[in-house]
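See below for the structure under consideration.
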Amino acid sequence: MYKFIGLVGTNSKESTNRALLAYMQKKFAAEAEIELVEINNLPLFNKPADKKIPESVQAIAEKINKSDGVIISTPEYDHAVPAALMNALSWLSYGIYPFVDKPVMITGASYGTLGSSRAQAHLRQILDAPELKARIMPSSEFLLSHSLAAFDEAGNLNDEKQQEKLAGLFQDFTVFVTITKQLQNSHAVNQQAAENFSWDNI
């Protein structure tokens, strides 16, 4: 069975992105163990000179390292990912590099019509940064629009077509993870490149 991390891409107490990941956790329980991970307790990134990583960040990094892949669900604020998610990814690429070559699936929910499409595009750019270098599942978007009305009282998606699409994308992700495991010949080099990268030297 696959072991995935479901990264809640917001520090909001009431988030439909958390609800979406919780739905996936329950819906796909027979195929994968999905552990929901929160980012709401992380300190503000301050680029410490000693590169001492907070324990809360280190704990998330260890979970990602041990996982087969990461599912990130992001809302959209001002055409971008939330500051809390940016903060988490900044920590998770500063002296530690758990995302290098890690398979990532991106999903998103928003109250509006576009379902976090621009935030997802923004997140893809971030995850491709030299210090992160995740393996992002291509040609896949799950955009849950009008998310306040998207779930029933049991936490299930109301729309059957959305259920089917998400199930298909999740199946694709498990295949993507399996393929990615075979693409590890350059992992050590990629890891070293992330560790050696510095914006100061560009």
Exercise. What residue, among those in segment 22-36 that are hydrophobic (A, V, I, L, M, F, W, C) and touching a residue at least 40 places away in the same chain (Cβ under 8 Å), is most open to solvent (accessible area, probe 1.4 Å)?
Worked result: Ala22
Exercise. Is it the case that segment 37-45 has a residue that's open to solvent by less than 30 Å² (accessible area, probe 1.4 Å), among the aliphatic types (A, V, I, L, M), closer than 18 Å to Thr16 by Cβ and without any contact (Cβ under 8 Å) to a residue 60 or more places away in the chain?
Worked result: yes
Exercise. Out of curiosity, is Glu195 part of a helix (DSSP H, G or I), open to solvent by 60 Å² or more (accessible area, probe 1.4 Å), farther than 23 Å from Tyr23 by Cβ and among the acidic types (Asp, Glu)?
Worked result: yes
Seminar exercise, completed: Going through (1) exposed (fewer than 13 other Cβ atoms within 10 Å of the Cβ); (2) assigned to a helix (DSSP H, G or I) one by one, Ala167 fails only at (1)
For this session: Determine if segment 59-77 includes at least one residue that is at pLDDT below 95 and either under 22 Å from Lys181 (Cβ atoms) or buried (at least 17 other Cβ atoms within 10 Å of the Cβ) (or both).
Result: yes
Problem set entry | Subset of segment 130-161 [closer than 20 Å to Ala84 by Cβ, under 18 Å from the mean Cα position of the chain (by Cα) and at pLDDT below 95] | Glu131, Leu144
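Tell me which residues, restricted to segment 108-127, are in a loop (DSSP other than H, G, I, E, B) and open to solvent by less than 80 Å² (accessible area, probe 1.4 Å).
Just the residues of segment 108-127 that are in a loop (DSSP other than H, G, I, E, B), to begin with: 110-116.
Matches in segment 108-127: Ser110, Gly112, Gly115, Ser116.
The values are calculated or read from the model by the stated rules, or taken from the named source; none is laboratory data. None of the values given here were measured: they were computed from a predicted structure. Don't worry about glycine lacking a Cβ; one is built from the backbone with ideal geometry, like all the others, and counts go over all protein chains shown. Each accessible area value is taken on the protein alone, full model and side chains, heavy atoms only, with ligands, DNA and RNA left out. Shrake-Rupley method; radii C 1.70, N 1.55, O 1.52, S 1.80 Å.
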